[in-house]
Amino acid sequence: MMRHLLSVLLASLSVATCGGTATTPTTGIDDRYHVITTTSMFADLAKMALGDTAHIESIVPAGADVHTFEPSPSDVAKIQSADLIIANGLGLDGWVDAVIDAAGKGEADTLLLGEGLDHESGWVYLSKAEAAGTADPHIWLDPKGAVLYVQRIADRVRRDAPTVAQRISVSSADGIKMIKALDQDIAAQFFAIDPARRKIVTMHDAFGYFARAYGIEIVGVAVASPGQDPSAQEIRALIDAIRAAGVTALFSEVQLPSKVLNQIAAETGTAVLQDLYSDALGAAPADSYLGAMRTNADAILGAMR
C-alpha cells in the first residue's frame, strides 16, 4: 500500500514537472523557518511552541480524518519547501512517509512527536490490540502529553534556528503555562463528579489518555479504528456493556461518520452527543488545541452531570 502510494506520488510529480515549468518549492512564503505538520492539531501545538518565529502549515485540513487521508502531489510540493516536517508516528499518520520520500526529504528533516518519547506517565494501549502491545498514538489528548509535544517542537527548532531561540523559549513557556492551567481546571471539574458517573463510550479508540488523566472509564468504542466497521458480535457486546454500565450518552467525533454509533444509540435508548475532537481541529471555539480540549471536556462533563 505504502509502496503504491509512493509510486503514484512520484509519477504525478514527474508529470507536473515535465515539458514545461517545473514545480518548485514555495520558499517565497516568507523568510521564517517553515514547518509542515500532518494535522491541524499539531500545527496549533507548533504555533504554541514557536509563536511567530515560523510559518506553519498542516497537510490534513481541519475536520478531515488523518487515518484515511490520501495525500496529493501538491502535498509533496509543500513538504519540499519545508525546513521541518512534524508527524506523530505510532501508526497515526504513516502515509506521510511516502510523501516525505517523494519530496526527497528524510529522517533529518522530520520530527515524530510520539516516537522515541520518554513518556513518564506510561503508555496507553489500544483496547482492541492490547495483547499485541499496540500503543495508542493520541498522546496529546492528555494535556501532559501536549506539554511534551510543545517541548519537543521548541527544542528541535531552537537547535535548527538559534537566532530565534530566545523568542521560542518565551513562546513555548507561555504555551505550556496555558496548557497546564487548562489541565488543572478540567481535572478539578471531572474529579468533583461521582466516579460511578465518569463513564463514556466514544466513536473510536482515541481517548485513552484523556480518560486516564481525568479518572474516566471508557466502557467501549464503536469502531476500533476509522474505516474498520465492527462485527455484529462486537456491536452486541458493546450494547450489553452500555446497558450494564448505565451509560446515557455516546460521543461521535468530528471527522468520522457516526452510522454505527447511531445504530447503537437506537438500540440502547442513549443519546449521541456532539462531536469530540481527537485528531483534527474544527470551527471556533474548537479551532485551537486549547479550544478543542475545552470543547471535549465541556461536552463530556455535561453528559455526566
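The values are calculated or read from the model by the stated rules, or taken from the named source; none is laboratory data. All of these numbers come straight from a predicted model, not from anything done at the bench. Don't worry about glycine lacking a Cβ; one is built from the backbone with ideal geometry, like all the others, and counts go over all protein chains shown.
Does region 62-77 contain at least one residue that is among the aromatic types (Phe, Trp, Tyr) and touching a strand residue (DSSP E or B) at 6+ places or on another chain (Cβ under 8 Å)? No. Filtered by the rule that a residue be outside any helix (DSSP H, G or I) and farther than 27 Å from Phe191 by Cβ, region 211-247 gives Val223, Ala224, Ser225, Pro226, Gly227, Gln228, Asp229, Pro230, Ser231. Looking only at residues in region 55-97 that are assigned to a loop (DSSP other than H, G, I, E, B) and of a type in the set (Val, Ile, Thr), which one is surrounded by the fewest Cβ atoms within 10 Å (Cβ to Cβ)? Restricting to residues being assigned to a loop (DSSP other than H, G, I, E, B) and of a type in the set (Val, Ile, Thr), the top hit is Thr68.
Of everything in region 220-229 that is buried (at least 18 other Cβ atoms within 10 Å of the Cβ) and either of a type in the set (A, V, I, L, M) or under 15 Å from Met293 (Cβ atoms) (or both), the residue that is modelled with the lowest pLDDT is Val223. Scanning region 230-240 for residues that are without any contact (Cβ under 8 Å) to a residue 24 or more places away in the chain and surrounded by 11 or more Cβ atoms within 10 Å (Cβ to Cβ) yields Glu234, Arg236, Ala237, Asp240.
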